[in-house]
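Below: one structure, written as structure tokens.
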Amino acid sequence: MTEAVELLRSLGYTDDFELSATGLTTAVEVDPHTLESATVDYTFRFEGPSDPSDEAIVLGVTCPDWGRRGIVVSAYGPDVDPEHAELLLALARGSGDAG
């Protein structure tokens, strides 16, 4: 996962985005960015060899309204919270990716 984050940082994905029910947020942006207008440019999925709770996803995301690019790191798979899974799906749908 560290290598994926380092690669995205080298490509200009400098913000750390957080998923919330109102959209994407950062430490410096007061108003959330809508998930529907964000674009997922890169997806890296990691799976533990035997433990589903080891699954994670790293996304390189562009938010055109902010003019910013950042990274979303999240749990993924069967152990992810259902509400958080819906947010990930909404983000993927907004980028034209079926998931």
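The values are calculated or read from the model by the stated rules, or taken from the named source; none is laboratory data. No experiment lies behind these values; they were computed from the predicted model shown. All Cβ positions, even for glycine, are placed from backbone atoms using ideal geometry, and neighbour counts span all protein chains on display. Side chains included, ligands, DNA and RNA excluded: accessible areas come from the protein's heavy atoms. Shrake-Rupley method; radii C 1.70, N 1.55, O 1.52, S 1.80 Å.
Values computed for the structure shown
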{"quantity": "Contacts under 9 angstrom Cβ, first residue in the range 72-99 being within 12 Å of ILE57 (Cβ to Cβ) and modelled with pLDDT of 80 or more, partner in a helix (DSSP H, G or I) and open to solvent by 50 Å² or more (accessible area, probe 1.4 Å), 6 or more apart", "calculated": "SER74/HIS84; ALA75/SER53; ALA75/HIS84"}
{"quantity": "Boolean, ASP51 is open to solvent by less than 80 Å² (accessible area, probe 1.4 Å), modelled with pLDDT of 85 or more, of a type in the set (D, E, K, R) and more than 10 Å from the chain's Cα centre (by Cα)", "calculated": "no"}
{"quantity": "Residue satisfying all of: in the range 54-71; of a type outside the set (A, V, I, L, M, F, W, C) and in a strand (DSSP E or B); modelled with the lowest pLDDT among these", "calculated": "ARG68"}
{"quantity": "Residue that is nearest to the chain's Cα centre (by Cα), among those in the range 7-40 that are at pLDDT 95 or above and not in a loop (DSSP other than H, G, I, E, B)", "calculated": "LEU8"}
{"quantity": "Filtered residues of the range 62-94 (kept if open to solvent by 30 Å² or more (accessible area, probe 1.4 Å) and polar (S, T, N, Q))", "calculated": "THR62"}
